[in-house]
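Working notes for the structure below.
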Amino acid sequence: MSRRREINKKLEALSDIAGIMSAMKGLALMEIRILMDFIVCQQRMVTSIEQTAAEFFATHAALVNSSTAERMICIVIGSEQGFCGDFNETLLAEMKTISLQQTKPVCWLIVGRRLANRIDEHDPTITLLPGAIVSDEIPNVLLQLTQQLNSLLAQEHIPSCGISVLYHCDTSNIIRSRHLLPLSNLPEPVKMKAYPAELNILPEELLLSLTDHYLYAVLNEVLYSSLMAENRQRQIHMDRALQRLDEDKLRLKFAYNTQRQEDITEEIETILLSSDMATTVK
C-alpha cells in the first residue's frame with residue numbers, strides 16, 4: 001500500500017508540472033499571435049527607410065561611408081526567461097566566432113538576463129541590459145538600449161565604430177549577424193530618378209536624421225523578431241517536455257496498476273491462508 005501511495009504522489013506531482021507547462025505553452029502561443037502584427041509593420045518600415053536611403057545615396061554618392069570601422073559594437077539579443085531550449089547557447093557560440101574574426105576586441109551589448117548569466121560580467125568590453133519578457137516591454141528595452149549605445153558612441157576612445165546585431169531571426173529561422181551602421185549594402189533603388197530630390201535641409205542633416213530613424217526602426221524589428229523566435233522555441237520546448245511527462249505518467253500508471261494487482265493478490269492470499277488455518281483448527 002505504501003508503494004502505491006508513493007507512486008500516486010509522483011503522479012499528482014507530474015500532473016501539477018504538466019499544468020504549469022501547459023500554461024507556459026499557452027502564454028507563448030498568445031505572445032506569438034500578438035507579435036505577428038508588430039513584426040510585419042516594423043519590417044515594412046525598415047524596408048521603406050532602406051529604399052529612401054538607397055535613393056538618397058544614388059544622388060549623393062559622396063556621403064557614402066566606405067571607411068573601415070575602427071571598432072565594432074555588437075548587440076546580442078538573448079532571452080530574459082528560460083525554458084527556450086538552446087536559444088542562448090547558440091548565440092554564445094556565434095559570439096566566439098565573431099570575436100575570432102575581428103582584429104580588435106568587440107564591444108558587446110548583451111540584452112537578456114538568461115544570456116547575461118552565462119557571460120563574465122567583469123569583462124570591461126561587455127555591457128549587460130535586461131531584455132523583454134512580453135511585447136509590451138520592448139519599448140522600454142529599446143529606450144535603454146539606445147541610451148547605452150549613445151553613451152558608448154560618445155566615448156572618446158571609440159571615435160569611429162560600426163554597429164551590428166546578433167539575434168535569432170524569426171523570418172529566416174536562423175541566427176543572423178546583421179550590419180546596421182554605417183549604412184551599407186542597401187537594396188537598389190526601385191526607380192532611378194533623373195534629378196536628385198529637392199531638399200529643404202542640408203544633405204548631411206538629412207543623412208543624420210535618416211540614420212537615427214533607421215537605427216530605431218531596425219532595432220525595434222530585431223527585438224520583436226528575437227522575442228518571436230524565443231517564444232516559438234519555448235513552445236517547441238514545452239511540447240517536448242509535455243510529451244515526456246505523458247510518457248512518464250503512463251509508465252507510473254502502469255506501475256501503479258501492477259502494484260495494485262500485487263496488493264490485491266497478496267490480500268486474497270492472506271484471506272485464503274487465514275481461512276485454511278481456521279478450517280484446520282476446527
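The values are calculated or read from the model by the stated rules, or taken from the named source; none is laboratory data. Predicted model only: the values in this text are computed from it and were never measured. We place every Cβ from the backbone using ideal geometry, glycine too, and count neighbours over all the protein chains shown. Side chains are part of the model used for accessible areas, which takes the heavy atoms of the whole protein and leaves out ligands, DNA and RNA. Shrake-Rupley method; radii C 1.70, N 1.55, O 1.52, S 1.80 Å.
Quick one: count up the residues across the range 123-179 that are in contact (Cβ under 8 Å) with a residue 24 or more places away in the chain, of a type in the set (S, T, N, Q) and not in a loop (DSSP other than H, G, I, E, B).
Of the residues in that region, 6 qualify.
Which one of these is more than 18 Å from the chain's Cα centre (by Cα) and open to solvent by less than 60 Å² (accessible area, probe 1.4 Å): CYS74, CYS107, CYS41, CYS84?
Going through CYS74, CYS107, CYS41, CYS84 in turn, the sole match is CYS107.
Could you list, in sequence order, the residues of the range 138-153 that are within 17 Å of ILE34 (Cβ to Cβ) and open to solvent by 70 Å² or more (accessible area, probe 1.4 Å)?
Correct list: PRO139, ASN140.
Looking at (1) modelled with pLDDT of 90 or more; (2) farther than 30 Å from LEU115 by Cα, which is the only condition CYS169 fails?
(2)
Going by the structure shown, is LEU207 in contact with a Phe, Trp or Tyr (Cβ under 9 Å, 6 or more places away or on another chain), more than 30 Å from ILE34 (Cβ to Cβ) and buried (at least 16 other Cβ atoms within 10 Å of the Cβ)?
yes
Step by step: first the residues of the range 234-265, then only those that are basic (Lys, Arg) and touching a residue at least 40 places away in the same chain (Cβ under 8 Å), then the one that is farthest from GLU12 (Cα to Cα). Which residue is that?
Step by step, filter the range 234-265, then rank; the result is ARG234.
Let me confirm something: among TYR195, TYR214, TYR224, which residue is more than 30 Å from GLU6 (Cβ to Cβ) and in a loop (DSSP other than H, G, I, E, B)?
When all the criteria are applied, what remains is TYR195.
Filter the range 62-98 down to the residues that are farther than 23 Å from ALA28 by Cα and in a helix (DSSP H, G or I) and list them by number.
ALA62, LEU63, LEU92, ALA93, GLU94, MET95, LYS96, THR97, ILE98
Going through GLU55, GLU80, GLU94, GLU50 one at a time, which residue ends up being in contact with a Pro (Cβ under 7 Å, 6 or more places away or on another chain), within 15 Å of TYR167 (Cβ to Cβ) and touching a residue at least 12 places away in the same chain (Cβ under 8 Å)?
GLU80
Among TYR167, TYR224, which is over 21 Å from ILE98 (Cα atoms) and of a type in the set (Phe, Trp, Tyr)?
Exactly one of TYR167, TYR224 is over 21 Å from ILE98 (Cα atoms) and of a type in the set (Phe, Trp, Tyr), namely TYR224.
With SER135, SER177 as the choices, which residue is in contact with a strand residue (DSSP E or B) (Cβ under 9 Å, 6 or more places away or on another chain), surrounded by 13 or more Cβ atoms within 10 Å (Cβ to Cβ) and either modelled with pLDDT of 90 or more or closer than 26 Å to ALA229 by Cβ (or both)?
Result: SER177 is the single residue among SER135, SER177 that is in contact with a strand residue (DSSP E or B) (Cβ under 9 Å, 6 or more places away or on another chain), surrounded by 13 or more Cβ atoms within 10 Å (Cβ to Cβ) and either modelled with pLDDT of 90 or more or closer than 26 Å to ALA229 by Cβ (or both).
Find the residue count for the range 22-38, including only residues that are more than 16 Å from the chain's Cα centre (by Cα) and open to solvent by less than 40 Å² (accessible area, probe 1.4 Å).
1
May I ask you to list the residues in the range 206-226 that are polar (S, T, N, Q) and free of Cβ contacts under 8 Å to residues at least 24 places away in the same chain?
SER209
If you check ALA53 against the conditions, is it open to solvent by less than 60 Å² (accessible area, probe 1.4 Å), of a type outside the set (S, T, N, Q) and closer than 30 Å to PRO196 by Cβ?
yes
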